[in-house]
There are 2 protein chains.
Amino acid sequence: MVVDVINAKLHENSYRLTGQRKAVLNVMLENKGRHLSAEEVLWEARKILPNIGIATVYRTLEKLASLEVLYKSMFEGNKYRYELAENEKHHHHHVLCLACGQISEVSGDLLHELESKLDDQGYKIIDHELKFYGYCPTCTRKQ
Amino acid sequence: MVVDVINAKLHENSYRLTGQRKAVLNVMLENKGRHLSAEEVLWEARKILPNIGIATVYRTLEKLASLEVLYKSMFEGNKYRYELAENEKHHHHHVLCLACGQISEVSGDLLHELESKLDDQGYKIIDHELKFYGYCPTCTRKQ
DNA sequence: ATAATTATGATAATGATTATCATTATATAG
DNA sequence: CTATATAATGATAATCATTATCATAATTAT
Ligand SMILES: [Mn+2]
Ligand SMILES: [Mn+2]
Ligand SMILES: [Zn+2]
Ligand SMILES: [Zn+2]
């Protein structure tokens with residue numbers, strides 16, 4: 001997602017692009033493809049802005065997620081992770097390695113068939129989330 | 001899942017079928033198809049065994065989940081829910097209504113194609129989890 | 001410049017889950 | 001059966017991610 005687009009989205013909602021928000025955004029932009037926890041974002045952001053507080057990081061991540069600049073998902077079950085939303089990758093899914101914890105991505109969307117079946121039943125499906133659990137190629141080889 | 005099977009599973013692992021575990025099991029058996037939180041299980045179990053503690057409920061739910069007598073999943077994001085595992089329904093998936101919170105079930109498994117694609121890439125996929133978010137038929141009609 | 005709005009950081013509160021530990025129940029060995 | 005080892009329980013403290021509170025600071029509108 002281009003920075004201008006993000007800027008526009010913030011502006012639309014009359015959010016100010018403060019130094020703290022810039023710092024958080026930079027962290028996410030420099031970590032395309034990674035899935036960071038709030039605390040990880042905090043550590044990175046403090047390299048840019050040493051006094052930024054954890055509450056601000058949470059607030060910023062939530063705002064950016066609500067604007068769909070970021071995606072928010074839960075892998076370990078106790079902690080959310082955030083990643084930069086890239087348009088072409090919308091609706092990608094995840095493979096979580098049970099050995100090393102690595103998160104890899106699966107693109108492609110085979111779920112339209114199921115979704116239209118649900119539509120026929122009267123549901124209105126907005127979104128879906130798919131996670132695979134198993135072993136990544138590296139860990140599979142080591143077994 | 002039949003009670004005898006559960007009994008056998010417990011026995012195999014030399015777990016004792018105590019009054020507390022019976023109470024939790026009864027709660028789950030009487031709530032087939034529902035997805036209960038630990039606290040909800042506690043309230044129900046206390047109707048049978050008034051002094052059962054929350055720690056024991058957690059311990060029992062975890063044990064039963066590890067034996068695959070129960071399935072454990074997270075819907076709201078902050079709280080796990082447990083449901084009785086029924087063999088024929090293995091790998092069913094969920095639709096979460098964004099309006100009323102109702103959880104309904106989807107059977108069918110269209111994911112083998114994706115899983116075999118991942119296998120080709122060297123992954124060893126053990127399990128998957130699929131959630132749909134949207135509106136249930138009732139809430140869709142009300143809109 | 002003044003007043004209103006929005007944002008921030010420190011810190012307390014919350015809520016689900018897990019750990020600890022003394023006590024109790026159950027099983028096993030002699 | 002009795003002693004002893006093992007497993008289970010309940011009360012409660014600890015943990016940890018997230019949210020709420022609130023006084024202060026920054027930005028915007030008047
Ligand atoms: Mn991703
Ligand atoms: Mn279910
Ligand atoms: Zn791995
Ligand atoms: Zn509904």
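The values are calculated or read from the model by the stated rules, or taken from the named source; none is laboratory data. Here the structure is a predicted model, which is why all the values come from computation and not from measurement. Don't worry about glycine lacking a Cβ; one is built from the backbone with ideal geometry, like all the others, and counts go over all protein chains shown. Side chains included, ligands, DNA and RNA excluded: accessible areas come from the protein's heavy atoms. Shrake-Rupley method; radii C 1.70, N 1.55, O 1.52, S 1.80 Å.
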Worksheet item: What residue, of B:129, B:115, is at pLDDT 90 or above and either more than 19 Å from residue B:22 (Cβ to Cβ) or at the interface with another protein chain (Cβ under 10 Å from one of its Cβ atoms) (or both)?
Response: B:129
Worksheet item: Looking at segment A:132-143, which of its residues are facing chain B (nearest Cβ under 7 Å) and assigned to a loop (DSSP other than H, G, I, E, B)?
Response: A:136
Discussion item. Being touching an Asp or Glu at 6+ places or on another chain (Cβ under 7 Å), away from ligand 2 (no atom under 16 Å from the Cβ) and either more than 14 Å from chain B (Cβ to nearest Cβ) or in a helix (DSSP H, G or I) (or both) is true for just one of A:16, A:59, A:21, A:34. Which residue is that?
Written reply: A:34
Worksheet item: When residues of segment B:77-131 are filtered for being of a type in the set (Ser, Thr, Tyr) and in a strand (DSSP E or B), how many remain?
Response: 3
Fill in: Whichever residue in segment A:79-99 is touching a helix residue (DSSP H, G or I) at 6+ places or on another chain (Cβ under 6 Å) and over 17 Å from residue B:127 (Cβ atoms) and, among such residues, is farthest from the other protein chains (Cβ to nearest Cβ)
A:84
Response to the item:
Listed by first then second residue, the pairs whose first member lies in segment A:127-143 and is farther than 15 Å from residue A:94 by Cα, whose partner is of a type in the set (A, V, I, L, M), with beta carbons under 7 Å and at least 6 positions apart or on separate chains, are A:139/A:99
Discussion item. For segment B:69-87, give me each residue that is open to solvent by 50 Å² or more (accessible area, probe 1.4 Å) and more than 21 Å from residue A:130 (Cα to Cα).
Written reply: B:87
